[in-house]
Amino acid sequence: MKRLVKKPFPSDPEILTPAQLGLAIHAARTQSGLTQEEAALFCNISKQTYVGIELGKEGTAIGSILEVARNMGVALFVVPSLQRDKLKRQLSILMVTADGA
């Protein structure tokens, strides 16, 4: 049996591509100790669809991707572009603080 290696969450909280979101979902899954098959069952989707989401493959409905993210504990926020840099700095500080706690 393959050993599950916990992956860290991406250090940059900004998601610009499906691949970046897939990395965050992958990190959440591995930190939860779930295999891809277990995560797919938990999210009520096929393993193939789940794997595609983690890999950032395009073509999956946004509703399915958002549900998988939510089920895996990955939160997404909408931020006006004028406030993005300020919020990104603040989030980075919070993430470093949380890691050190």
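The values are calculated or read from the model by the stated rules, or taken from the named source; none is laboratory data. Keep in mind the model is a prediction, meaning the values are calculated, not measured. Ideal geometry is used to build each Cβ from the backbone, glycine not excepted, and the neighbour counts take in all protein chains shown. Side chains included, ligands, DNA and RNA excluded: accessible areas come from the protein's heavy atoms. Shrake-Rupley method; radii C 1.70, N 1.55, O 1.52, S 1.80 Å.
Structure above, values below:
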| read-out | value |
| --- | --- |
| Percent carbon-and-sulfur accessible area, the chain, ignoring ligands, DNA and RNA, probe 1.4 Å | 58 percent |
| Relative contact order computed over the chain (Cα-Cα under 8 Å; 6+ residues apart), in percent | 29 percent |
| Cα pair distances of the chain binned at 10 Å [whole percent] | 15, 45, 30, 10, 0 |
| The chain: angle of helix 84-100 to the longest principal axis, Cα-based, in degrees nearest 10 | 70 degrees |
| Residue-span extension gain [Asn71 to Ala19] - 0.36 nm each, minus C-alpha spacing | 16.9 nm |
| The chain: calculated mean residue ellipticity at 222 nm from DSSP helix runs of at least 4, using -39500 (n - 2.57) | -18000 deg cm²/dmol |
| Within segment 47-97, GluC sites (Glu not before Pro) in DSSP loop having at most 14 other beta-carbon neighbours inside 10 Å | Glu58 |
